Amino acid sequence: MIRVAVVGLGKMGMSHYAIVNAHPDVQVVAVCDGSSYITDVLEKYTGVKTFSDFGQMLAKVEMDAAIIATPSKAHASMVKACLEKGIHVFCEKPFTLNPLEAQELTALAKERGLVNQVGYHYRFVGAFQEVKRLLDAKAIGRVTHVLAEAYGPVVLRPKGSTWRTKREEGGGCLYDYAAHPLNLLNWYFGMPTAVGGTVLNSIFSKETDDEAYATLHFEGGLSAQLSVNWSDESHRKMSTKLTLLGTNGRIVADRQEVQVYLRDASAAPADYREGWTVRNTTKLTEEVWFYIRGEEYSAQIDHFVRSAQDGRETVNSFASAAETDEVIAMLVADASRDLDTRAPVKTVTSKRKRFSIFG
Amino acid sequence: MDKLLFGDNQFFGVNHMSEEKARAQAMRFQDIEAVISVLDAAYDEGVRTFMCTTHERIELVADRVRANPERYADFQFYPCMPYAHKYANAVTELGILGTLKKFTPDEGLISAAFKGGISLATKDVEGIAKLLIDAEMKMFAGLRTPVVFLQNVVVDLLLGLKFYEAFRIFADHIKAAYGAEPGFITMNMPLLVSVLADLGIENPIICANINKAGFRMCGGIEAYEQTLRTHSFRSIAMSVFASGALPASEAIEWVCAQPNLESIVFGASSRGNIRNTRELVDRYWEN
């Protein structure tokens, strides 16, 4: 039995709380949120011990692990306080807003021997795990290009100011949406060597981006195109899709299915054939002990709990999430470069004409 | 309850197998006439209960049924509330309190509740829940809604939080205000059944995935079979085809053999598929 506290009871925190509270090996010892209405109602109806002040909770409650699901700018200091008290930490994504802090926290967790995980739940989606399996087997040969997309209907009109509408507090589609496909790219291919052509554009939001586009360059000539927009009402909910092109075929993956085209199936797992193979989520997903809104949310919490019990390293360690923080910082820096220095050269066409062999 | 209930996932671009299929369905059914024509086909095949989300487009279906009482003499709705994405998107945008304010008609009461703090907490939750339920039920005024469901994402969230009193608040209000039976949709049927039994909610209607593939049957297929056999509740099977992973005949034969099953809810987009499912149920459902 491990003792867990949940900090931050917004959409993700409430969902994590319900899931971890249903875990047979967990006792939730406290929850913490600034909204006294929410903590009052929970305490009254469920008997859970509640706090409005994080520091007081840490001082008064003995716990083995904490789930941090506060607004992103608060992550770093809270994670640090937990680690310094010897508490295992699951932190919501994005991990931090500053790659240096992410590295410090990664080092601190390692030094203290504490289990650490960040909530990039797509690594627990059957279809994206299957992509990892196919890439490890080199099923589509050398991957030359990836199109990484995410679309959904979050910001559809101008609206009032919250932390989610401010980039410096971790708001915006880059931190909220794009972080997911970027984290998958990190999982599959490690760190990009360079980024370029980054567009972080506001559609409706005053103080942050609603769409993010960029090119990422990896070692060995692999490139990836990021295309993310959270002001897209044509999608019922967030939809993340990867298209991977390789020398031996193509993989298209989203939450529901993996479609794979192989020229030659000899390197692929036995259940794949030449030409198209389609595998659906019903077959790729492992059942979970408790379900609220997708197996991946339960699976990542279970993974954290088991890792905390055994002291094992997690699939979504701070180190891996720090890579994603670093890529996000690279994209922000690229997007803010003086446009003049990266504007397309307008005279190329006329110059080319002069030297064209077609005269 | 009828043996066969008609579901609505296909009308709203919900497909657990494929985003492409989901989009094709969303395109096909964006005109409400296309939805009504499939509902008519189901009705004429004898499938007369429409188990539907309280999605805003259902209001158009409700209007049509209200306007044609003779054509739809035996048509009944089983509303399932809330339409979760409406709330999920709002929570991202406005937070939990802001969302409650947005979807409850009486702003004064909510503001008073927020200011009141813990001393009002009991009344607050019940009052807010009733307001939210009434807002969702508005579109069905004057129509037959003999069973009203709480959607699985809410049921399972409350189950995880161990916020059990909310189940009783929902059940009491549905009975008192609408003269209807409360229903609960869940992905965690064995757990929910035991919790509702402990709460003293007698013989509840519970809709859960029940399929031969064991797809989204938390607790495991054996626990489901055992619960069906040994507990007293009115069960509705959904996702009987495991989102298309099972052949129709094999799926229906298996589910019809489960003990104490009262209904099956299924979705289809053509009269042929509706008839096929009805014929399979007629063949395999013995009692």
Exercise for review: For B:Lys175, list the aspartates and glutamates whose Cα falls under 16 Å from its own Cα; do not include residues on the same chain fewer than 8 positions away.
Suggested key: B:Glu126, B:Asp134, B:Glu136, B:Glu165, B:Glu202
Point to revise | Cα-derived Rg over Rh, computed across chain A with Rh taken as Kirkwood radius | key: 1.01
Exercise for review: Mind pulling the angle between the C-alpha long axis of helix A:126-136 and the longest principal axis of chain A? Nearest 10 degrees, somewhere in 0 to 90.
Suggested key: 50 degrees
Point to revise | Separation of alpha-carbon centers, segment A:1-60 and segment A:292-306, rounded to whole Å | key: 17 Å
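DSSP loop GluC sites (Glu not before Pro) in segment A:206-239 with at most 15 other Cβ atoms within 10 Å of their Cβ, which ones? Mind dumping the intermediate values first?
Details: sites: A:Glu207, A:Glu211, A:Glu219, A:Glu233; in loops: A:Glu233.
Qualifying residues, ordered by number: A:Glu233.
Set the bar at 27 Å for Cα to Cα. Now go through A:Lys85/A:Lys237; A:Lys11/A:Lys80; A:Lys60/A:Lys166; A:Lys49/B:Lys86; B:Lys86/B:Lys138; A:Lys110/A:Lys132 and name every pair that lies beyond it. Let's see the in-between values first.
Working: A:Lys85/A:Lys237 38 Å; A:Lys11/A:Lys80 23 Å; A:Lys60/A:Lys166 33 Å; A:Lys49/B:Lys86 30 Å; B:Lys86/B:Lys138 16 Å; A:Lys110/A:Lys132 25 Å.
Listed pairs above 27 Å: A:Lys85/A:Lys237; A:Lys60/A:Lys166; A:Lys49/B:Lys86.
Could you tell me whether segment A:200-330 comes out rounded, prolate or oblate from its Cα gyration tensor? Rule is a ≥ b ≥ c as square roots of the eigenvalues, rounded for a/c under 1.5, then prolate if a/b exceeds b/c, otherwise oblate. Write out the running numbers ahead of the final one.
Working: a/c = 1.45, a/b = 1.08, b/c = 1.34.
Rounded is the answer for segment A:200-330, as its axis ratio a/c remains below 1.5.
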Practice item. Would you work out which of B:Ala62, B:Met139, B:Asn203 lies farthest towards the positive end of the dipole of segment B:4-279? Charges go on Cβ: Lys and Arg +1, Asp and Glu -1. Key: B:Met139
Revision key, fill the gap. Output field shielding_mean for B:87-95 (other chain Cβ, 10 Å radius) holds 6
Check your understanding: Using alpha carbons only, what's the Rg to Rh ratio of segment B:4-279 with Rh from Kirkwood?
Key -> 0.96
Review point. About its Cα centre, how strong a charge dipole does segment B:4-279 have in debye, to the nearest 20, once Lys and Arg get +1 and Asp and Glu get -1 at the Cβ?
Key: 200 debye
Point to revise | Peptide-level mean, for A:271-284, of C-beta atoms on other protein chains within 10 Å | key: 2
Review point. Amide H neighbours of B:Ile185 under 5 Å, counting only residues 5+ apart in sequence or on other chains, H built in-plane at 1.01 Å?
Key: B:Leu150, B:Asn152, B:Cys207
**Study point:** Low-density loop positions, trypsin sites (Lys or Arg not before Pro), segment A:1-110 - DSSP coil, at most 12 other Cβ in 10 Å
**Key:** none
**Study point:** Average other protein chain Cβ within 10 Å of Cβ, residues A:290-303
**Key:** 3
Exercise for review: Report the residues of segment B:212-232 in range of a label on A:Asp271: point 7 Å along Cα→C-beta, backbone N strictly under 20 Å from it.
Suggested key: B:212-218, B:220-221
Review point. Tally Lys and Arg at +1 and Asp and Glu at -1 over the other residues with C-beta under 10 Å from the C-beta of B:Ile201: what net charge comes out?
Key: -2
Point to revise | Rg over Rh [alpha-carbon atoms, Kirkwood Rh] for the protein assembly as shown | key: 0.98
**Study point:** Sparsely packed GluC sites (Glu not before Pro) within segment B:1-103, loop by DSSP, other Cβ within 10 Å at most 10
**Key:** B:Glu56, B:Glu70
Study note, to complete from the structure: Neighbour-count ranking for B:Thr277, A:Thr314, A:Thr243 (other C-beta within 10 angstrom, fewest to most) reads A:Thr243, A:Thr314, B:Thr277
Study note, to complete from the structure: Across A:Ala59, A:Ala322, A:Ala81, the residue with the highest GNM fluctuation in chain A (Cα network, 10 Å cutoff) is A:Ala59
Practice item. Using the 2.2 N^0.38 Å rule of thumb for compact globular proteins, work out how segment B:24-83 stacks up: its C-alpha Rg over that value, please. Key: 1.09
Point to revise | Point-charge dipole on Cβ atoms (K/R +1, D/E -1) for segment A:1-139, about Cα centre, debye to 20 | key: 300 debye
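The numbers here are math on the coordinates, done by the rules we state, and not lab data. Because the structure is predicted, anything quoted here is derived from the model rather than measured. Reconstructed Cβ throughout: ideal geometry from the backbone, glycine too, with neighbour counts over all protein chains shown.
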